[in-house]
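See below for the structure under consideration.
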Amino acid sequence: MNKKRGLFLALIICFAFMQAAFAGDDSETSGQGSINWSKKEIVFTGDGAPNLLAPNAASARLGAERAAELVALRNALEAIKGVKIRAGQTVGDKMAKNNAIAAGVEGVVKGFIVKETRYYSDGGVQRDLVIPLDGILTQAILGDELKKTAAPAGGAEKKSEAAPAPGPAAPAEERVAEAKNTGLVVIARGFKIVPVLAPKIIDQDGKDVYDVTMVEETAENGIAAYMKDENAAKGDRRVTDNPLIVKALNTPNSVDLVVSNADAAKIRQAADVLAKGRVVIVRD
């Protein structure tokens, strides 16, 4: 009896740890799959039935695998079209107006990653495909808006001027005070924020503080991620080790965030870091 009780307690503890690990993830259902706004990936499922006219079982299963992939890809493309870029605009809207963007998105979707394959006794196959939102997909969708990074003229690196002789080291407390922020965490609870690919942060005067045009086209973090748990957000790889933490005052459209003018000034001082897309938004 004691052994059974110990095993039961161990399972409870294991389950608790698993829950804690995923507590900060912000996901939503989309069609036949889901969008994880914390990991910034889309996972879609496709089912494939076996070809009963196939010459053998191996051939039937191969056909079922391919059918499952095609269904998942179709589901993925339709769901990506429904992803919101900003208030009043979806990926599908932008694809419909720009053939190059449409081709780019479709090309990325075709380069899917098979996450899991399940085989059934009747020969049917079910496949989960995962497509990262950041990186090449963000570049395909927002490449015309992202900040362009010009290469040095002639391809040569610009030589820096000779550095002045080092002076006496600053006191420890001053060095801590001068530590640069490594990212931005915006606490936006209570506003029913809708996750989008390119959110905007503005100050109390309505002036832009952070948006897609300030993020470098080579940024691999996208524009912003979303999380449910504040502590998980502060420890996220995008913003560690010293994130700037600010609170949103309100939102004009359930997408963009208004911060105080004082916080806006701090955010603007971290422009070089935010150009890498190191932003996490905490929402309900």
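The values are calculated or read from the model by the stated rules, or taken from the named source; none is laboratory data. All of these numbers come straight from a predicted model, not from anything done at the bench. Please note: Cβ atoms are built from the backbone with ideal geometry, for glycine as well, and neighbour counts cover all protein chains shown.
Things to note:
- Asp25 within 26 Å of the chain's Cα centre (by Cα) and acidic (Asp, Glu): yes
- Residue in the range 139-150 that is under 27 Å from Val279 (Cβ atoms), assigned to a strand (DSSP E or B), assigned by TED's automatic domain parsing to the domain that holds Ser30 and in contact (Cβ under 8 Å) with a residue 12 or more places away in the chain present: no
- Residue that is over 28 Å from Asp93 (Cβ atoms) and out of contact with any strand residue (DSSP E or B) (no Cβ under 8 Å at 6 or more places or on another chain), where the choices are Lys266, Lys234, Lys180, Lys192: Lys180
- Pairing residues of the range 266-284 that are under 17 Å from Ile202 (Cα atoms) with residues that are in a helix (DSSP H, G or I), at Cβ distances under 6 Å and at least 6 apart in sequence or on separate chains, gives Val280/Ala233; Val282/Glu230; Val282/Ala233.
- Total residues in the range 233-248, condition in contact with a helix residue (DSSP H, G or I) (Cβ under 9 Å, 6 or more places away or on another chain) and either surrounded by fewer than 20 Cβ atoms within 10 Å (Cβ to Cβ) or over 15 Å from Val279 (Cβ atoms) (or both): 3
- Restricted to the range 34-74, and to residues there that are assigned to a loop (DSSP other than H, G, I, E, B) and polar (S, T, N, Q), the residue that is farthest from the chain's Cα centre (by Cα) is Asn56.
- Leading residue by the ranking (nearest to Ile136 (Cα to Cα)) among those in the range 84-94 that are in contact with a Gly (Cβ under 9 Å, 6 or more places away or on another chain) and part of a helix (DSSP H, G or I): Val91
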